[in-house]
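S.K.: What follows is a single structure, and I will ask about it in a moment.
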Amino acid sequence: MSNKLIDFINITKSYGTQTVLDDLNLYIRENEFLTLLGPSGCGKTTTLRILGGFESPDSGRVIFDGKDITNLPPNKRQLNTVFQKYALFTHMTIAENIAFGLKIKNKSKQYIHDKIKYALKLVNLDGFENRMPDSLSGGQQQRIAIARAIVNEPKVLLLDEPLGALDLKMRQDMQYELIRLKNELGITFIYVTHDQEEALTMSDTIVVMNQGYIQQIGTPESIYNEPENAFVADFIGESNILPGLMLEDRLVKILGVNFPCVDEGFGRNKPVDVVIRPEDIDLLKPGEGSIDGIVTHLIFKGVHYEMEVMANNYEWLVHSTDMFPVGTEVSIHVDPFDIQIMKKPESEDEEAVNIEE
């Protein structure tokens, strides 16, 4: 993997009595698409604003390309920010909007002209130079905001919920655009969102945050398939999170029934949390699986059916392409590989870090 570009070292930030970031340590590599993901109030936007120079940390340092930039003003940093509110200048044409930062840097007319053409081509808006912002759709305005940031050739592009104001179809189109831009430009993207699907679709690395702490850092696959705690499991996609008892290596007791699994090293007869994704549950004929139950709810979701199955006093969430009508008796089967075992939090305080919303 490429070099470390940005390093947050022991960053702490409070507003009044509320600590928003608590001794945060995080590094970001060159050309990485890194997403800060978490519920509102978890500290992700504050992290971005500290990197952009719009906020100062109470303690800690920000290192950028080997230099300490903690106290550097925003305009001296080699990065540009695209916000959810596009903040285009309504009285200027698209060309003038894009040229704004370059004019401040006293670039030549020809250079600015070439850059505008290049940036518009890059965001698929050739020929929009003389249009006014209010004649553009939300998605087009957002692409102009991105073009305006790109022409300044930042090393890093900060994106703060940039697709939040767009409708679903447009958001999906823009997600592909952003991935394409990152690959073409070789810029480091740091993206803030509370939308799990967006994070899973676009990122090389996801940082899941809650209450000012980093809960887990990993690839989209590892965060989805190997959540480190109940908060992450619950926040990324839908899950069945059950209390279990690790009887021994590769065997866990869930709701009074023994399930083979692949996890080791949790000890004997240790209480654990168990995560089973709804799509990893197979419904078989009664008696053929591990636990028998009855289908209590059924919704058609387009790609799959979403069902709830009451079994051993637990309502299991199941996603399947097969339909089992309400009232059907079924048996639940889960492959050992699809059972994720997580440590239970040791203390109240750890529980707050891990589970509280």
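The values are calculated or read from the model by the stated rules, or taken from the named source; none is laboratory data. The structure presented is a predicted model; accordingly, all values stated were derived computationally and were not measured. FYI the Cβ positions are ideal-geometry reconstructions off the backbone, even for glycines, and counts take in every protein chain you see. All accessible areas refer to the heavy atoms of the entire protein, side chains included, with ligands and DNA or RNA removed. Shrake-Rupley method; radii C 1.70, N 1.55, O 1.52, S 1.80 Å.
S.K.: Say we look at region 285-314 and pick out the residues that are among the acidic types (Asp, Glu) and touching a residue at least 40 places away in the same chain (Cβ under 8 Å); which of these is least open to solvent (accessible area, probe 1.4 Å)?
M.R.: For region 285-314, the residue satisfying everything is ASP292.
S.K.: I'm told HIS91 meets every condition in (1) assigned to a strand (DSSP E or B); (2) open to solvent by 70 Å² or more (accessible area, probe 1.4 Å) except one. Can you identify the failing condition by its number?
M.R.: (1)
S.K.: With respect to ASP68, determine if the residue is in contact with a strand residue (DSSP E or B) (Cβ under 7 Å, 6 or more places away or on another chain), without any contact (Cβ under 8 Å) to a residue 12 or more places away in the chain, over 21 Å from VAL151 (Cα atoms) and open to solvent by 50 Å² or more (accessible area, probe 1.4 Å).
M.R.: Numbers: in contact with a strand residue (DSSP E or B) (Cβ under 7 Å, 6 or more places away or on another chain): yes; without any contact (Cβ under 8 Å) to a residue 12 or more places away in the chain: yes; over 21 Å from VAL151 (Cα atoms): yes; open to solvent by 50 Å² or more (accessible area, probe 1.4 Å): yes.
So ASP68 fits the description; yes.
S.K.: Can you confirm whether region 37-49 contains a residue that is over 19 Å from the mean Cα position of the chain (by Cα), part of a loop (DSSP other than H, G, I, E, B) and either closer than 12 Å to THR193 by Cα or among the charged types (D, E, K, R) (or both)?
M.R.: The answer is no; no qualifying residue exists.
S.K.: Moving on to the next point. Would you confirm whether any residue within region 156-164 is of a type in the set (A, V, I, L, M), open to solvent by less than 20 Å² (accessible area, probe 1.4 Å), at pLDDT below 90 and under 23 Å from THR219 (Cα atoms)? Write out each step before concluding.
M.R.: If we filter region 156-164 for residues that are of a type in the set (A, V, I, L, M), which is where we start, we get 156-159, 163.
With open to solvent by less than 20 Å² (accessible area, probe 1.4 Å) added as a condition, the list becomes 156-159, 163.
Now narrow it down to the ones that are at pLDDT below 90: 163.
Subsequent filtering for residues that are under 23 Å from THR219 (Cα atoms) retains 163.
Yes: region 156-164 contains one or more residues that are of a type in the set (A, V, I, L, M), open to solvent by less than 20 Å² (accessible area, probe 1.4 Å), at pLDDT below 90 and under 23 Å from THR219 (Cα atoms).
S.K.: Open to solvent by 30 Å² or more (accessible area, probe 1.4 Å) and among the hydroxyl-bearing types (Ser, Thr, Tyr) - does that describe any residue in region 177-194?
M.R.: no
S.K.: Any idea which residue in region 94-143 is least open to solvent (accessible area, probe 1.4 Å), counting only those that are on the phi > 0 side of the Ramachandran plot and among the polar types (S, T, N, Q)? First the steps, then the outcome.
M.R.: Residues of region 94-143 that are on the phi > 0 side of the Ramachandran plot, as a first pass: 106, 124, 127.
Right, trim to among the polar types (S, T, N, Q) and you get 106, 124.
Numbers: ASN106: 132, ASN124: 86 Å².
Result: ASN124.
Residue-by-condition table, conditions (1) at pLDDT 95 or above; (2) closer than 30 Å to LEU48 by Cβ; (3) over 30 Å from the mean Cα position of the chain (by Cα); (4) surrounded by fewer than 15 Cβ atoms within 10 Å (Cβ to Cβ):
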site	(1), (2), (3), (4)
VAL208	yes, yes, no, no
GLU226	no, yes, no, no
ALA233	no, yes, no, no
LYS253	yes, no, yes, no
ASN269	yes, no, yes, yes
VAL274	yes, no, no, no
